[in-house]
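Below: the structure, in structure tokens.
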Amino acid sequence: MGYSDSRLRQAILYVAWLTRDDERFGSTKLNKALCRADFHSFFHHGRSVTNARYQALEDGPTVVPLLPTLATMQEAGEVRSVRAPGEAKETRQIPLYPERPETPLLDAQDIAELDAAVQRVQGWTAKEASDESHNFPGWKHAWAQGNKTIIPLESVFWARQDVPTDAQEALARELAAEYGLLR
């Protein structure tokens, strides 16, 4: 299943609805919740919730199409963006209707992943959510490659918390060749 702007929009709208009364749930925590839900779902179920791509930015993993998608949602009257009080550079997405949004493209498993991800980051500050996301091996590896490097979904399976050095990678290749593990 490929990327669908509609799936991402429904996920954002659902998270905005879940956090509608949380004045501190801004763009950083939105990014971290979506990332957590997508990578966790990929790890456990073999597919992400939104199928969106993530990039490594200084503040951690970020949904690549987030800003254009939010602009489209604002133009469509689905959400409005407001400053999050006390959170520097943070904007919140407020759903423009009080009912739980319809999410026909998201199944119960997707909703459960989003619920769990929001619960995980909700009590944190934006900085705490950002700092915690820096522990993710996929972000570490991509950030070491440079700003805006794409984080592969498969990186959720990487157990190592540190990016290997060139010498460590060379040694691993040498040992793999020695033991016939390279093709």
Exercise. So residue 170 clears everything in (1) open to solvent by 60 Å² or more (accessible area, probe 1.4 Å); (2) modelled with pLDDT under 90; (3) in a helix (DSSP H, G or I) except one condition, right? Which one?
Worked result: (1)
For this session: Taking the residues in region 15-29 that are open to solvent by 10 Å² or more (accessible area, probe 1.4 Å) and part of a helix (DSSP H, G or I) as candidates, determine which candidate is nearest to residue 137 (Cα to Cα).
Result: 28
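Could you check region 53-112 and list, in sequence order, the residues that are part of a loop (DSSP other than H, G, I, E, B), open to solvent by 20 Å² or more (accessible area, probe 1.4 Å), of a type in the set (Asp, Glu) and farther than 20 Å from residue 38 by Cα?
Here is the first cut: in region 53-112, the residues part of a loop (DSSP other than H, G, I, E, B) are 53, 58-59, 64-65, 76-78, 84-90, 96-107.
Now drop any that are not open to solvent by 20 Å² or more (accessible area, probe 1.4 Å), which leaves 53, 58-59, 64-65, 76-78, 85-89, 96-100, 102, 104-105, 107.
Restricting the remaining residues to those that are of a type in the set (Asp, Glu) gives 58-59, 78, 87, 99, 102, 107.
Across region 53-112, the qualifying residues are 78, 87, 99.
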For this session: Give region 120-132 a look and list any residue that's touching a helix residue (DSSP H, G or I) at 6+ places or on another chain (Cβ under 9 Å) and surrounded by fewer than 22 Cβ atoms within 10 Å (Cβ to Cβ), or say none.
Result: 120, 122, 124, 125, 127, 128, 130, 132
Exercise. Looking at (1) polar (S, T, N, Q); (2) modelled with pLDDT of 95 or more; (3) surrounded by fewer than 17 Cβ atoms within 10 Å (Cβ to Cβ), which is the only condition residue 4 fails?
Worked result: (2)
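The values are calculated or read from the model by the stated rules, or taken from the named source; none is laboratory data. Given the structure is predicted, the values throughout are model-derived calculations rather than measurements. Glycine also receives a Cβ, built like all others from the backbone with ideal geometry; neighbour counts cover every protein chain displayed. Side chains included, ligands, DNA and RNA excluded: accessible areas come from the protein's heavy atoms. Shrake-Rupley method; radii C 1.70, N 1.55, O 1.52, S 1.80 Å.
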